[in-house]
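The values are calculated or read from the model by the stated rules, or taken from the named source; none is laboratory data. Source: prediction; values computed, not measured. Because the Cβ atoms are built from the backbone with ideal geometry, glycine has one as well, and the counts that use them run over all protein chains shown. We work out accessible area using only protein heavy atoms, side chains counted, and drop any ligands, DNA or RNA first. Shrake-Rupley method; radii C 1.70, N 1.55, O 1.52, S 1.80 Å.
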Amino acid sequence: MKSAIIFGALASWSLLSAAPDAASGPQVVLSDRAASRLLDQASWGPTPAAIQEVQEKGIAGWLNQQFQLNTSDIPDQLLLDSTGKSNNDVTPVQRAFIQNAVTGADQLRQRVAFALSEIWVVSNVSVRPAYAFPPYWRLFRDNAFGNYRDLMKAVTLNPAMGAYLNLANNNKGVPAKGTAANENYAREMMQLFTVGLTQLNLDGSPALDSSGKAIPTYTQAQVTDMARALTGWTYAAAPNAASKVNNPAYYFGQMIPSETEHDTGSKIIIGNTAVPAGQTAEQDLDFVLNTLMAQPTIAPFVSRQLIQHLVTSNPSSAYIARVAGVFQNNGQGVSGDMMAVITAILTDPEARAADNPNLPPNPGFGHLREPLLFVTNLLRGLNAALTSTSAVYNLGSQLGQNLFAPSSVFSYFSPMYQMENGTPAPEFQIYSTQTAASRANIVNAAIFGTLDKNTKLDYSEFLPFASDTASLLDHIAYVFLHHSMSLELQQAATTAVNAATDAQARVQAALYVVLTSSEYQVIQ
Amino acid sequence: MFSRRGFIRIGSASVGTLALRRFGLMPALAQSGPDYRALVCVFLFGGNDSNNTIIPLDDAHYKPYLSARAGLAVPTSAMAQVTDVTGAPYGFHVLLTELASLFTNKELAVVANVGSLVQPVTRAQYQGRQAAVPNNLFSHLDQQQQWQTSVGQGNSPTGWAGRVADYVAAQKMNSSSFPTVLSVAGNVLEGIGANTTEIAVNPGGSLALAGFSSSAASQARLNALTNLLNFNSGVSLVQAANQTLSMSMSDAKALAGALSQATALKTQFPKTSLGAQLEQVAQIIQVQSALGMSRQIFFCSLGSFDTHTGELNTLNTLYPQVSQALAAFYDATQELGVAQNVTTFTESDFNRTFQPTSGDGSDHAWGGHHLVLGGAVKGGQIFGQFPTFELGGPDDTDTRGRWIPTTSIDQYGATLCSWFGIPDTALPTVFPNLQNFAAAKLRFLG
């Protein structure tokens, strides 16, 4: 569905693709722009093949197909290395992740899974064994389109999370020993994974008390009591090992109850909810998770973050409210239905508004490509041939996003991070003077040098357009810029292309100028 | 909430200013200008359990320490014991041995029980909610920001070092427009001012853009990139990204030019993350004159202090990194002849519960003990007051030993900034809550 570039339009944002005709009904094929915008929100980056696929199926049809796909895996890793020590080499896990992102069919599932893993963080910085990570990652893959409540329990009982935030072997406090239950998981599950620090209205705005102050979601005493409710879990016993009260770290399977270390007293948790005395570890856990799911704040808290990861850093309150409403009730009385939530996020009028090229750009819309999205988009757009020795998994670490190894439970960047004027801009937390230069230098290596000696890039598809600058820019815009390019970028790139001597140099100049531009780095 | 300021800087990197300085209108390349001062922040992310960094060994403290800290208690045999200038006994964690020596040599001071406060608060006031306290106590993110902004209530878009940089810029205390705040640990709110922003550079890293030559084609491509940075697309995030790359490109030239004049340091830094960061800071301090800087603030960090379990083992790996890197850095400032001109200080999210967790760790707490190092520091002394080590006692918020701070970040920072050259009249702008405390400054400097 390519159409010729339009140069010299009066509007500062020219239209490169055919405009959808609103009056012509659903049979009209989606524009390149609409299809690629969806792919930048719902995949690891548009490619000509993917754009055509979306155009053939339509947005609803493509989403429905993606919801059914579950084709990517990260293979299990060995427990021990060749010397008999713990195998702490996560590079095969990182490599498989990138391979899946670049070539896997289940693109939407991977994108959503990754977004969820940026909320429910486990980091290789402190959980070292490589074999902990494939099972942890599969939870997000397999629950990406399931129910949030199921994901909450699955991750809570995942041994990698158990190790990371210390739910594993969190024994009940012993007054005689002067110890108390560890508060780590109780606090961070509330603060980061489910409800945040202050109560929210459905539209994501803070709920205020009668004096106009934000209302905390929980008190310190409730953290302490929730920690007590979550005591009494240990790792599964390794094969051929006898199960003990506190088993040593073992990262396959789920954690198991260790009832003698569960605090069976009554507790008062979030929402001033009384947890009955005498329950088992699992009964208390289910009670806690049900209580969290019943908090009105969870729907806007989770919805807003998923919108930020997929579509825009600063969604309107109405957009948040629409998605959070679906989180609360999918239309059939079910809350936490992720398939419904993801559909609501990606088909919302605010997400789709810019599909119409005749609208002026919304100055507050979009988000900076996080490093991984930049890298995968670059690799997909430049037809990268990954091999078993490719080291492109490592590129993100130059940009503040070392896969499976964020520096803390606060992930690579915070959903709360703001520009000076208060505008949320999470990805900018790791966009510094250093990483901005490093991004440009990764583009330079990809276009002019060797990005990675074991990953072949191929821009031959651009060469046939090389002799005609307008056609060349049109094709680059088709692959990388939703088939739209500002006049200013067209003009800048044209100057650079025309100064280049041969066909290859012209393609290189055009790709460099476009891919280093902030117009490309920010997904609109 | 926290924020960055990627937008406004006062002026732009001016080759002219640098050139004038280089060619002799200013004192040429003195390694330590007479009026050079640098603050170096070492942020211990995750919340350092400073209850085990420095331990008072008088009976009134050490006896309750041994009983209440239970499995986390350090025996005196496993401490680097020191006495302060009054002869009172203290113990540093044994793996902070270099810092203990610096304390004994009066190069390092301890400031006890510092934390985020809006105003002084007692246990009764805290429990009765009768005094303003900072937002979201015991939350990592909030208390990290409070350390960095020195604003406990509400959402400050600027950090205190950034506000200092605003003052430095307004008073033209530096002869170039190179940023006053330089982070070797990524973007950080602390360095963002109302009119200024920080530069971030990786240790040993470069901001230079690769791939350009003097060929016409190459220059045309560079012009294209540069021209686009000035194009206002009207999309705010595009603007912000442009401004960051633009700043990177202009400061890259100044930094690379200055660092090309640096000579290798004789001081050996440990091969650790913090060692590399502080080595980079020392190199930049060496060329401060070439950069045109009289006042600089540096930001370094080390993470993984969130020790909810297995704490003793974790501290055994972290504390040597802190101690060895700080000691090497102090040595480097001596080598450069700027030990009197450089003050290094710690920050951390919060202290940790005095009462252990069941897994031999500790949970999030509040007031903690901090270290200040440098030739200008009144070392070998303890400033502020250690809390009463009693669970549920007068300094505890509850029953787990979350100490209510008795010195505010404002007072700690104001003391540092006053030495740095910020006049008393400007301190309230940098530390808006400072007026709520009887003593604006402690006496560990100046």
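Can B:G361 be described as of a type outside the set (S, T, Y) and at positive phi? No, not satisfied. Scan the range A:204-240 for residues that are open to solvent by 50 Å² or more (accessible area, probe 1.4 Å) and of a type outside the set (A, V, I, L, M) and the total you get is 10. A:L289 meets each of the listed conditions (1) part of a helix (DSSP H, G or I); (2) open to solvent by less than 30 Å² (accessible area, probe 1.4 Å); (3) closer than 30 Å to B:S236 by Cβ apart from (3). The sole residue among B:Q125, B:Q145 that is without any contact (Cβ under 8 Å) to a residue 40 or more places away in the chain and outside any loop (DSSP other than H, G, I, E, B) is B:Q125.
Among the residues of the range A:258-270, at least one is more than 30 Å from A:V522 (Cα to Cα), assigned to a helix (DSSP H, G or I), out of contact with any helix residue (DSSP H, G or I) (no Cβ under 7 Å at 6 or more places or on another chain) and open to solvent by 60 Å² or more (accessible area, probe 1.4 Å). Being within 14 Å of another protein chain (Cβ to nearest Cβ) and touching a residue at least 12 places away in the same chain (Cβ under 8 Å) is a condition met by no residue of the range B:257-271.
Picking from A:D89, A:D81, which residue would you name as being open to solvent by 10 Å² or more (accessible area, probe 1.4 Å) and in contact with a helix residue (DSSP H, G or I) (Cβ under 6 Å, 6 or more places away or on another chain)?
Exactly one residue qualifies, and that residue is A:D89.
Across the range A:35-74, the number of residues qualifying as open to solvent by 10 Å² or more (accessible area, probe 1.4 Å), closer than 16 Å to A:A113 by Cβ and either without any contact (Cβ under 8 Å) to a residue 60 or more places away in the chain or over 23 Å from the mean Cα position of the chain (by Cα) (or both) comes to 3. I'm told A:N441 meets every condition in (1) of a type outside the set (A, V, I, L, M); (2) in a loop (DSSP other than H, G, I, E, B); (3) on the phi < 0 side of the Ramachandran plot except one. Can you identify the failing condition by its number? All conditions pass for A:N441, except number (2). Across the range B:84-119, the number of residues qualifying as at positive phi and among the polar types (S, T, N, Q) comes to 1. Cβ-Cβ distances below 6 Å connect no pair with a first residue in the range A:263-278 that is closer than 24 Å to A:T234 by Cα, a second residue that is among the acidic types (D, E) and surrounded by fewer than 18 Cβ atoms within 10 Å (Cβ to Cβ), and a separation of six or more residues or different chains.
State yes or no: is A:A186 open to solvent by 20 Å² or more (accessible area, probe 1.4 Å) and in a helix (DSSP H, G or I)?
Numbers: open to solvent by 20 Å² or more (accessible area, probe 1.4 Å): no; in a helix (DSSP H, G or I): yes.
Against the criterion (open to solvent by 20 Å² or more (accessible area, probe 1.4 Å) and in a helix (DSSP H, G or I)), A:A186 does not qualify.
Is it fair to say A:V514 is of a type outside the set (S, T, Y) and either free of Cβ contacts under 8 Å to residues at least 12 places away in the same chain or out of contact with any Ser or Thr (no Cβ under 7 Å at 6 or more places or on another chain) (or both)? Lay out the reasoning, then the answer.
Details: of a type outside the set (S, T, Y): yes; either free of Cβ contacts under 8 Å to residues at least 12 places away in the same chain or out of contact with any Ser or Thr (no Cβ under 7 Å at 6 or more places or on another chain) (or both): yes.
Yes; evaluated as a whole, the condition is true for this residue.
On the given criteria, is A:E461 under 30 Å from B:I192 (Cα atoms) and acidic (D, E)? Against the criterion (under 30 Å from B:I192 (Cα atoms) and acidic (D, E)), A:E461 does not qualify. Residue count for the range B:199-218 satisfying the condition of being facing chain A (nearest Cβ under 8 Å) and either free of Cβ contacts under 8 Å to residues at least 12 places away in the same chain or in a loop (DSSP other than H, G, I, E, B) (or both): 11.
Pick out the one residue from A:L372, A:L379, A:L403, A:L359 that is open to solvent by less than 30 Å² (accessible area, probe 1.4 Å) and either within 9 Å of chain B (Cβ to nearest Cβ) or over 16 Å from the mean Cα position of the chain (by Cα) (or both). Don't jump to the end; show me each part of the working.
On the way: A:L372 fails: either within 9 Å of chain B (Cβ to nearest Cβ) or over 16 Å from the mean Cα position of the chain (by Cα) (or both); A:L403 fails: either within 9 Å of chain B (Cβ to nearest Cβ) or over 16 Å from the mean Cα position of the chain (by Cα) (or both); A:L359 fails: open to solvent by less than 30 Å² (accessible area, probe 1.4 Å).
Being open to solvent by less than 30 Å² (accessible area, probe 1.4 Å) and either within 9 Å of chain B (Cβ to nearest Cβ) or over 16 Å from the mean Cα position of the chain (by Cα) (or both) holds for just one of A:L372, A:L379, A:L403, A:L359, which is A:L379.
The set of residues from the range A:167-183 being in contact with a helix residue (DSSP H, G or I) (Cβ under 9 Å, 6 or more places away or on another chain) and under 24 Å from B:S67 (Cβ atoms) comprises A:N170, A:N171, A:K172, A:G173, A:K177, A:G178, A:T179, A:A180, A:A181, A:N182, A:E183. Name the residue, out of A:I119, A:I98, that is part of a loop (DSSP other than H, G, I, E, B), open to solvent by less than 20 Å² (accessible area, probe 1.4 Å) and not hydroxyl-bearing (S, T, Y). One residue alone meets the criteria, A:I119. Looking only at residues in the range A:382-400 that are under 23 Å from A:I523 (Cα atoms) and part of a loop (DSSP other than H, G, I, E, B), which one is farthest from the other protein chains (Cβ to nearest Cβ)? Across the range A:382-400, the extreme among qualifying residues is A:N383. For the range B:100-111, indicate whether the set of residues that are over 26 Å from B:G275 (Cβ atoms) and of a type in the set (V, I, T) is non-empty. No, the range B:100-111 contains no residue that is over 26 Å from B:G275 (Cβ atoms) and of a type in the set (V, I, T).
Could you tell me whether the range A:477-495 includes any residue that is under 20 Å from B:S233 (Cβ atoms) and more than 35 Å from the chain's Cα centre (by Cα)? Yes: the range A:477-495 contains one or more residues that are under 20 Å from B:S233 (Cβ atoms) and more than 35 Å from the chain's Cα centre (by Cα).
Could you please let me know if A:D150 is more than 20 Å from A:L285 (Cα to Cα) and within 20 Å of the chain's Cα centre (by Cα)? Even if it seems obvious, please write down each step before you answer.
Working: more than 20 Å from A:L285 (Cα to Cα): no; within 20 Å of the chain's Cα centre (by Cα): yes.
In short, no.
Being at pLDDT 95 or above, more than 24 Å from A:P426 (Cα to Cα) and more than 7 Å from chain A (Cβ to nearest Cβ) is not true of B:S246.
Counting only strands (runs of 3 or more DSSP E) that fall entirely inside the range B:330-408 and contain at least 1 residues that are open to solvent by 10 Å² or more (accessible area, probe 1.4 Å) and at pLDDT 95 or above, the qualifying elements are B:368-373, B:382-384.
Would you call A:A446 part of a helix (DSSP H, G or I), in contact (Cβ under 8 Å) with a residue 12 or more places away in the chain, more than 7 Å from chain B (Cβ to nearest Cβ) and small (G, A, S)? Don't jump to the end; show me each part of the working.
Numbers: part of a helix (DSSP H, G or I): yes; in contact (Cβ under 8 Å) with a residue 12 or more places away in the chain: yes; more than 7 Å from chain B (Cβ to nearest Cβ): yes; small (G, A, S): yes.
Yes; evaluated as a whole, the condition is true for this residue.
Look at (1) buried (at least 20 other Cβ atoms within 10 Å of the Cβ); (2) within 21 Å of A:T433 (Cβ to Cβ); (3) more than 10 Å from chain A (Cβ to nearest Cβ) and you find that B:P179 fails only one, number (3).
Could you count how many residues in the range B:58-92 are more than 29 Å from A:N184 (Cα to Cα) and buried (at least 17 other Cβ atoms within 10 Å of the Cβ)?
Counting residues in the range B:58-92 that are more than 29 Å from A:N184 (Cα to Cα) and buried (at least 17 other Cβ atoms within 10 Å of the Cβ) gives 4.
Could you tell me how many of the residues in the range A:326-360 are without any contact (Cβ under 8 Å) to a residue 60 or more places away in the chain, outside any helix (DSSP H, G or I) and under 19 Å from A:N314 (Cβ atoms)? Result for the range A:326-360: 2. When each of A:A176, A:A113 is tested for being modelled with pLDDT under 95 and of a type in the set (A, V, I, L, M, F, W, C), the lone residue that passes is A:A176. Among the residues of the range A:452-465, is there at least one that is open to solvent by less than 20 Å² (accessible area, probe 1.4 Å) and among the polar types (S, T, N, Q)? Checked against the condition, which is being open to solvent by less than 20 Å² (accessible area, probe 1.4 Å) and among the polar types (S, T, N, Q), the range A:452-465 yields at least one hit.
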